[in-house]
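Student: My questions will all concern the structure given below.
Readers should treat all values here as calculations from the given coordinates under stated rules, not as data from a laboratory. Please read all numbers here as calculations on a predicted model, not as lab measurements. Using ideal geometry, Cβ is built from the backbone for each residue, glycine included, and neighbour counts are taken over all protein chains shown.
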Amino acid sequence: MKKATLFIILFTLTLTTYSLCIESYELKSPDEKISVNFWLTPTGSAVYSVSYSGATVLKQSKLGIVRSDEDFSSGLTLDSISNVNAVSENYTLLHGKRLNCSYSSNKQVFYLKNANSKMMEIIFQVSDDGVAFRYYFPEKTDTALTIYKELTSYHFDLSTKAFLQPCDDARVGWCFASPSYENYYSKDIAVGTISPNQAGWVMPALFHSGKYWIAITETAVDTNYCGSRLSQFSPDGEYSIHFPEPQESRDGGPFLPESVLPWLTPWRVITISDNLGGLVESTLETDLANPAKYDVSSWLKPGVASWSWVILKDDSTIYDVQHRYIDFASSMNWRYCLIDALWDTQIGYEKIKLLADYAKTKNVKILLWYNSAGDWNTTPQTPRNKILTEKSRQTEFQKLKDMGIGGVKVDFFGGDGQSMMKYYVAILKDAAKYNLAVNFHGCTFPRSWYRTYPNLVSMEAIRGEEYVTFGQYFADNQPSHCAMLPFTRNLFDPMDFTPVNFSGIPNIKRRTTGGFEIALSVLFTSGIQHIAETPTGMAAQKDFVKEYMSSLPETWDDVKFIDGYPGKYVVLARRKGNQWYIAGINGENASRKITLNVSFVSKSSKGFIITDSDNVRSFVKKDIDFSNPIIITMQPYGGFVIKTF
């Protein structure tokens, strides 16, 4: 017994002495609330942890890369460390949650060598709203290397709750067109919950740990990397970076990351706040995105669009209907009209040119739909393959420019492999040469590409309004789903949800009220916001509703989070010039009473509220006095919008 006790004491002392020899390096945010600690384990593996105001947010989490020629997962030694340097930047976006953005952080670089003395740098930047890091390989090669695995992980305490969207496995579903980021979110689930699909969980991923909210995403993904997800399995609450499946490539191109050296990987972004407002108001993903590669401001303006297909489907893609939708856009002071699939066969190029000419007389620009598909799915909609190669794409884009077309909607992509990332970027670059805006559908999520390639006005990557037209199940889930999106998919990036339907959907019992629907015009952001209402449906609305919808801001200058909880309800304020728009929705089937904290609005300001009347299919408009507390009761699945003046 005495020998056993002595052994335990000596073993404990040895471990304690050894652990004291492990040196940890701390990097803090400018306000010193957020800290990241970096160190090497006894086996030479790089790890990190993150804390907020001294409380652990991420436990010991992994870092490292396994490359086709070298292993940077263990056996690492620390060669040197840079000084802590301040990083700051001011930049302007064409659209987003705010146009003028600023970023400040502290930066430190850790220079590592593997067992073969090959170099890898890990670059950390810590700002007041989160932590970001990326890998850099500074040596030079003439041949491309492959990253087989990225060990990056995010290790949460098991008490943490998660809000996650399962990623569909590749080449399943309708016409083998997945993945397209169009599932519902699993809400308030325990970390460690296994994803139903091998493809794992999509980003942005939202977590709630104690009083802290954390969003994990990536940015600065370009042609030298694939898109990433979080792993299907997360034992002990530890999520790892997961690469695409082999099928998610284009024409046999790479699905894993390939590049010559030097090689800079995307940013891994961890946004952290002790309140939801800190997340919703953050621009961290955009702050770290690559700067704009070209200027489109002379020919591209954000705006609102009419769109027939969402309610009327394929039969509406005919000349007469699209003529009416151009008139609809013009009557509502909207800048665009989208003509969807089958326009090439049901209207034809010659009559599209007539529509474009007519639209010009109405101060409206036409957008045209295209099928991206090559060999990765079997979707039949046309025009198909017109933009598949650089030569055919530029020929087609020149036709569109000559006809005065404003942009393209490109649909049915095939996943997140590196070759598919290259295809997205090639379309964006070529479209910019021909003064065309781009909206991707059936696609990955944007990863702040709209900063780097500013002619990207929106991307779908969401179970949007069209799903409500597909069946009652989707309509039943719509309220809670919408209440998730400002905290997840639409947190940083534009989202083409195609919101706002007042008059109803054929053969569907809509669960959301009119007040809920009108609020989405403010809650959801997109460079071009496609409205799901029809001309006849809009004409049937009260004059104050039509007036409001015809004066929607095309961009926003700022955002304020007021109240909410993911999947239950949300209230946000957005500013345009001197006017504030405050919108809220109730994602639950019970009324909710809230008191609005709108201290950012002058007490002398005046405004009005549009919300649900006792008959939830109708509206009421009332004046608002900001000198007194504003108390609102949202009806079940209801909502409201307030506008100052």
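Student: Once amide H atoms are built 1.01 Å from N in the peptide plane, which residues 5 or more positions from Ile65, or in another chain, come under 5 Å H to H?
Tutor: Phe72, Ser73, Leu151
Student: What is the magnitude of the charge dipole of the chain about its Cα centre, with +1 placed on the Cβ of each Lys and Arg, -1 on the Cβ of each Asp and Glu, and no other charges, expressed in debye to the nearest 20?
Tutor: 960 debye
Student: Moving on. Taking a 28 Å limit on the Cα-Cα distance, which of the listed pairs Lys28/Lys643; Lys399/Lys546; Lys433/Lys560; Lys107/Lys576; Lys161/Lys509; Lys140/Lys293 fall beyond it?
Tutor: Correct reply: Lys28/Lys643; Lys399/Lys546; Lys433/Lys560; Lys107/Lys576; Lys161/Lys509.
Student: Over segment 172-287, what lengths in whole Å, largest first, do the semi-axes of the equivalent ellipsoid take, defined as the square roots of 5 times the eigenvalues of the alpha-carbon gyration tensor?
Tutor: For segment 172-287, the ellipsoid semi-axes come out as 26, 20, 13 Å.
Student: Give me, ordered by chain and number, the residues 5 or more places off Glu182 or on other chains with an amide H under 5 Å from its own placed amide H.
Tutor: Asp168
Student: Ranked highest first by average number of other Cβ atoms within 10 Å, how do 248-256, 601-609, 356-364 line up?
Tutor: Final packing ranking: 248-256, 356-364, 601-609.
Student: Now for a different question. Taking a ≥ b ≥ c as the square roots of the eigenvalues of the Cα gyration tensor of segment 218-266, is the shape rounded (a/c under 1.5), prolate (a/b larger than b/c) or oblate?
Tutor: Here segment 218-266 falls in the oblate category.
Student: A further question on this structure: Normalized C-alpha radius of gyration of segment 92-131, against 2.2 N^0.38 Å?
Tutor: Rounded to two decimals, the normalised Rg is 1.82.
Student: What's the percent breakdown of Cα-Cα distances in segment 303-461 across 5 Å bins, shortest bin first?
Tutor: Here the calculated profile for segment 303-461 is 2, 10, 19, 23, 22, 15, 8, 2, 0.
Student: Treat segment 287-331 as a sphere of radius equal to its Kirkwood radius over Cα pairs and apply Stokes-Einstein at 10 °C in a medium of 1.306 mPa s; give the translational diffusion coefficient in µm²/s, rounded to a whole number.
Tutor: D = 118 µm²/s.
Student: Something else about it: Just order 147-154, 333-340 by mean Cβ neighbour count inside 10 Å, highest at the front, would you?
Tutor: 333-340, 147-154
Student: Continuing with the same structure: Roughly speaking, what % of Cα-Cα pairs in segment 26-287 are separated by over 24 Å, rounded to a whole number?
Tutor: Beyond 24 Å sits 50 percent of the P(r) for segment 26-287.
Student: Quick one: work out Rg over Rh on the C-alpha atoms of segment 361-431, Rh as Kirkwood radius.
Tutor: Radius of gyration relative to Kirkwood radius: 0.99.
Student: To continue, here is another question. What does the net charge come to around Ser104 if you take all other residues with beta carbon closer than 14 Å to its beta carbon, with K and R at +1 and D and E at -1?
Tutor: -3
Student: Along segment 253-262, what does the Karplus equation 6.51 cos²θ - 1.76 cosθ + 1.60 (θ = phi - 60°) give for ³J(HN,Hα), rounded to whole Hz, x for Gly and Pro?
Tutor: Result, ordered by residue: x, x, 9, 8, x, 10, 5, 6, 9, x Hz.
Student: Okay, moving on. What does the charge count near Asp357 come to, summing +1 for each Lys or Arg and -1 for each Asp or Glu among other residues with Cβ under 12 Å from its Cβ?
Tutor: Net charge around Asp357: +3.
Student: I've got another one for you. Tell me, what is the percent relative contact order of the chain, built from C-alpha pairs under 8 Å that lie six or more residues apart?
Tutor: 12 percent
Student: I've got another one for you. Over the Cα atoms of segment 105-192, how large are the radius of gyration and the largest Cα-Cα distance (Dmax), in Å?
Tutor: So, for segment 105-192, Rg and Dmax equal 18.9, 49 Å respectively.
Student: With 22 Å as the limit, write out which pairs from Lys187/Lys422; Lys542/Lys622; Lys33/Lys187 have Cα-Cα distances beyond it, or answer none.
Tutor: Flagged as over cut-off: Lys187/Lys422; Lys33/Lys187.
Student: For His323 and Asn507, compute 0.36 nm times the residue count separating them, minus their Cα-Cα distance, and round to one decimal in nm.
Tutor: In short, 63.7 nm is gained.
Student: Fully extended, how many nm does the chain gain between Asp623 and Lys211 (0.36 nm per residue separation, minus their Cα-Cα distance)?
Tutor: Between Asp623 and Lys211, full extension yields an extra 144.7 nm.
Student: Taking all pairs of different Cα atoms in the chain, averaging 1/r and flipping that mean, what Kirkwood radius in angstroms comes out?
Tutor: 25.8 Å
Student: For the pair Glu350/Ala86, report the inter-label distance in nm, with labels modelled 7 Å from Cα in the Cβ direction.
Tutor: Result: 6.7 nm between the two label points.
Student: Oh, and also: What's the ranking of 569-579, 200-210 by average number of surrounding C-beta atoms within 10 Å, highest first?
Tutor: Averaged packing, sorted descending, gives the order 200-210, 569-579.
Student: Checking a compactness column here: for segment 511-645, what do you get for Rg(Cα) / (2.2 N^0.38 Å), N being the number of residues?
Tutor: My calculation over the Cα atoms of segment 511-645 gives 0.99.
Student: What whole-number value in cubic angstrom gives the convex hull volume per residue for the C-alpha atoms of segment 56-203?
Tutor: Dividing the Cα hull volume of segment 56-203 by its residues yields 208 Å³.
Student: Net charge around Asn615, counting only other residues with Cβ within less than 15 Å of its Cβ (Lys, Arg = +1; Asp, Glu = -1)?
Tutor: Charge balance in the 15 Å sphere: +1.
Student: For the charge dipole of segment 26-287, defined by +1 on Lys and Arg C-beta atoms and -1 on Asp and Glu C-beta atoms about the Cα centroid, which residue among Ser73, Thr43, Thr217 has the Cα displaced farthest towards the positive pole?
Tutor: Going by the charge dipole, the pick is Thr43.
Student: Which value in Å does the Kirkwood hydrodynamic radius of segment 457-512 take, with 1/r averaged over all unlike C-alpha pairs and then inverted?
Tutor: When all Cα pairs of segment 457-512 are included, the Kirkwood radius is 11.8 Å.
Student: So if the hydrodynamic radius of segment 55-101 is defined as the Kirkwood radius over C-alpha pairs, what does Stokes-Einstein give as its diffusion coefficient at 20 °C and 1.002 mPa s, in µm² per second?
Tutor: Translational D for this selection: 135 µm²/s.
Student: Just to be sure I understand the model, the point goes 7 Å from the Cα along the line to the Cβ. What's the resulting Asp236 to Ile631 distance in nm?
Tutor: With each label placed 7 Å out from Cα toward Cβ, I get 5.1 nm.
Student: Using alpha carbons only, what's the Rg to Rh ratio of segment 84-156 with Rh from Kirkwood?
Tutor: 1.07
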